[in-house]
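Undergrad: Okay, here's the structure, questions in a sec.
Here, each number is a calculation from the coordinates, and none is a lab measurement. What you see is a predicted model; the values in this text were computed from it and never measured. Quick reminder, even Gly has a Cβ in these numbers, built from the backbone with ideal geometry, and neighbours come from all protein chains shown.
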């Protein structure tokens with residue numbers, strides 16, 4: 001794992017769930033397992049670097065996230081819950097990339113793919129950074145996959 | 001003047017968030033149309049009078065960048081007020097969108113950033129307008 005990328009991933013995820021989901025994330029550094037997964041959202045990106053960002057929601061996060069985003073007190077339909085997770089992945093990815101590649105680089109982000117655990121998403125290799133956020137309703141895990149980090153290392157002073 | 005607004009985003013939850021923000025903003029908003037991609041949005045623009053479009057960039061079928069180009073190429077819509085609401089952070093791409101006359105609001109957004117951008121772009125006021133009851137209650141002016 002790359003510590004700089006892990007820090008950037010955690011901070012971007014915290015900002016996303018605070019501002020988009022109106023939640024109060026806390027770091028999960030006690031190594032406790034985050035609980036059973038509800039769904040995952042995956043966003044692909046390409047440009048200076050290529051890869052994927054995957055967010056997995058555990059336990060009751062989907063219901064809380066979607067209800068907060070929509071400002072609804074009652075239950076949110078399942079397809080809207082998944083859509084909310086996909087949008088969270090989109091926002092997290094869009095805010096993470098400039099921290100990694102700089103604000104001048106042009107990066108293309110694909111539409112999010114969302115799936116329940118039974119449906120599954122193809123695992124794009126081993127992550128270069130991973131983090132977990134504790135939320136009131138449960139937890140979310142984020143994993144960053146990058147095909148080749150060489151362009152970032154070459155750009156370092 | 002009440003605005004007819006078109007909200008374009010492939011996420012139905014994000015569209016609902018933007019619509020809710022518009023309804024709570026105090027801005028004079030009349031009809032709100034929704035589209036899930038640029039092609040659907042252009043079809044709505046052909047059939048309806050729309051004063052303002054709030055447009056995402058990363059969408060399937062037709063993205064917001066191409067949609068903005070088509071809008072500017074069409075004499076019927078070339079002066080449409082457009083606000084891009086996106087996670088885009090590349091200064092190069094944001095500058096390219098601004099050069100096509102679009103304003104930019106970054107996701108995640110605050111309701112104030114949406115409202116202030118619309119006020120600045122369209123010149124509409126977010127001051128409450130007197131409704132019929134307020135006029136009635138004020139009594140005769142003599």
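Undergrad: Once you put a point 7 Å from the Cα of residue B:113 and another 7 Å from the Cα of residue B:91, both along the Cβ direction, what distance in nm separates them?
TA: Between residue B:113 and residue B:91, the simple spin-label model gives 1.8 nm.
Undergrad: Using alpha carbons only, what's the Rg to Rh ratio of the range A:70-132 with Rh from Kirkwood?
TA: Reported Rg/Rh (Cα atoms, Kirkwood Rh): 1.03.
Undergrad: Counting other C-beta atoms within 10 Å, which of B:63, B:78 has the fewest, and how do the rest follow?
TA: Placing the least packed residue first, the sequence is B:78, B:63.
Undergrad: Residue by residue through A:120-131, how many Cβ atoms from other chains fall within 10 Å of the Cβ on average?
TA: Shielding by partners across A:120-131 averages 0.
Undergrad: Taking the beta-carbon count within 10 Å as an exposure proxy, list B:17, B:62 from fewest neighbours to most.
TA: Exposure proxy ranking, most exposed first: B:62, B:17.
Undergrad: Here is a further query. Going by alpha carbons, how many degrees (0 to 90, nearest 10) lie between the helix axis of A:61-70 and the longest principal axis of chain A?
TA: Taking Cα atoms only, the helix is inclined about 90 degrees.
Undergrad: Please arrange A:4, B:12 by how many other C-beta atoms lie within 10 Å of their C-beta, fewest to most.
TA: A:4, B:12
Undergrad: Anyone know which of A:41, A:105, A:67 comes out most mobile in the 10 Å Cα GNM of chain A?
TA: Looking only at A:41, A:105, A:67, the biggest GNM fluctuation is shown by A:105.
Undergrad: On a 0 to 90 degree scale, rounded to 10, what angle separates helix A:3-19 from the longest Cα axis of chain A?
TA: 40 degrees
Undergrad: Looking at the calculated P(r) for the protein assembly as shown, what percent of the C-alpha pair distances fall above 37 Å?
TA: So the pairs more than 37 Å apart make up 19 percent of the total in the protein assembly as shown.
Undergrad: What is the projected area of the convex hull of the Cα atoms of the range A:3-155, averaged over all directions, in nm²?
TA: Mean projected area of the Cα convex hull: 8.8 nm².
Undergrad: Checking a compactness column here: for chain B, what do you get for Rg(Cα) / (2.2 N^0.38 Å), N being the number of residues?
TA: Taking N as the residue count of chain B, the ratio is 1.13.
Undergrad: Could you pull out which residues in the range B:80-108 have an amide N less than 14 Å from a spot 7 Å beyond the Cα of residue A:104, following the Cα-Cβ vector?
TA: The answer is B:90-93, whose backbone nitrogens lie closer than 14 Å to the label point.
Undergrad: State the antiparallel share, in %, of DSSP beta bridges confined to the protein assembly as shown, rounding to the nearest 5.
TA: In the protein assembly as shown, DSSP labels about 65 percent of beta bridges as antiparallel.
Undergrad: Moving on to the next point. Which residue, B:118, B:57, B:32, has the most motion in a Gaussian network model of chain B that connects Cα atoms within less than 10 Å?
TA: Fluctuation is largest for B:32.
Undergrad: Sticking with this structure for a sec: Taking the 0 to 90 degree range and rounding to the nearest ten, how far is the long axis of helix B:111-122 tilted relative to the main principal axis of chain B, both from C-alpha atoms?
TA: Helix B:111-122 sits roughly 90 degrees off the main axis of chain B.
Undergrad: Any number yet on Rg/Rh for the range A:1-85, C-alpha, Kirkwood?
TA: 0.98
Undergrad: Which residue fluctuates the most in chain B, going by a Gaussian network model with Cα springs under 10 Å, if the choices are B:23, B:47, B:93?
TA: B:47
Undergrad: Hey, another quick one. For the range B:56-84 and the range A:34-76, compute the distance between their C-alpha centroids and round to whole Å.
TA: The distance from the Cα centre of the range B:56-84 to that of the range A:34-76 comes to 28 Å.
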